[in-house]
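One structure is given here, and the rest of the page talks about it.
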Amino acid sequence: MTDNGELDVLLDGFKDEAQRDAIRNAYHDFACSDPRTFPAQFAVLLQAHSKTLKNAPERFRRTLEDETKAIAATIATQRAAFKEWDTALKQNVAVSAEHVERIRESIDVLIAAIQHNNELTRTALAEATAQSKRTAELATVLRRLSARKIAWSLALAFFYGLLVACGALLFLHHF
């Protein structure tokens, strides 16, 4: 390795020692000539270019590191948001499940109440039907009794009238 980092960058790609010596000689010839000549100016440009290339991996590494941090921060933010959404969703699902269970229980209570009311209605209807039959039977009995009572009343009134008439005739016949 030499003290000149730019030259090391130029030599990195070559393994053959003859090629490396040729590059070293050309580099030193360009670097040591008159600064106003083309070779010296070209050597300055090569030095600038080699410094840029030498610093490029570090700059690339820093840029990559900065971008990686930014992406990691974005991912962390998204993860946190997803965790919040997940937690909120799980809570909403739990609350919804509780509501569904309460609704199911309420429906079960309503169904039981409706069934109980149906039983009460059937019982009341059966009782009303039985009462109606008893009332109809009693009405029939009452009609028969009423008809008999009227017939007996008429018969008694007729006999009473006969008796009165007979009594009047006997009374008149006696006098």
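Here, each number is a calculation from the coordinates, and none is a lab measurement. Model, not experiment: these values are computed from the prediction. FYI the Cβ positions are ideal-geometry reconstructions off the backbone, even for glycines, and counts take in every protein chain you see.
Laid out as a table, the results:
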quantity	calculated
Label point distance in nm, Arg102-Arg79, each placed 7 Å from Cα along Cα→Cβ	3.7 nm
Charge dipole of the chain about the Cα centre (unit charges at C-beta), most positive-ward option of Leu172, Leu142, Pro57	Leu172
Helix 17-32 vs. the chain, principal-axis angle (Cα, 0 to 90°, nearest 10)	80 degrees
Degrees, to the nearest 10: 38-174 long Cα axis against longest axis of the chain	0 degrees
Full-stretch length increase - Leu45, Thr121 - with 0.36 nm per residue and alpha-carbon distance subtracted	16.6 nm
Estimated distance in nm for a label pair at Leu138 and Asp29, the labels positioned 7 Å out from Cα along Cα-to-Cβ	14.2 nm
Contour excess over end-to-end distance, with Cα ends at Val93 and Ile111 and 0.36 nm allotted per residue	3.9 nm
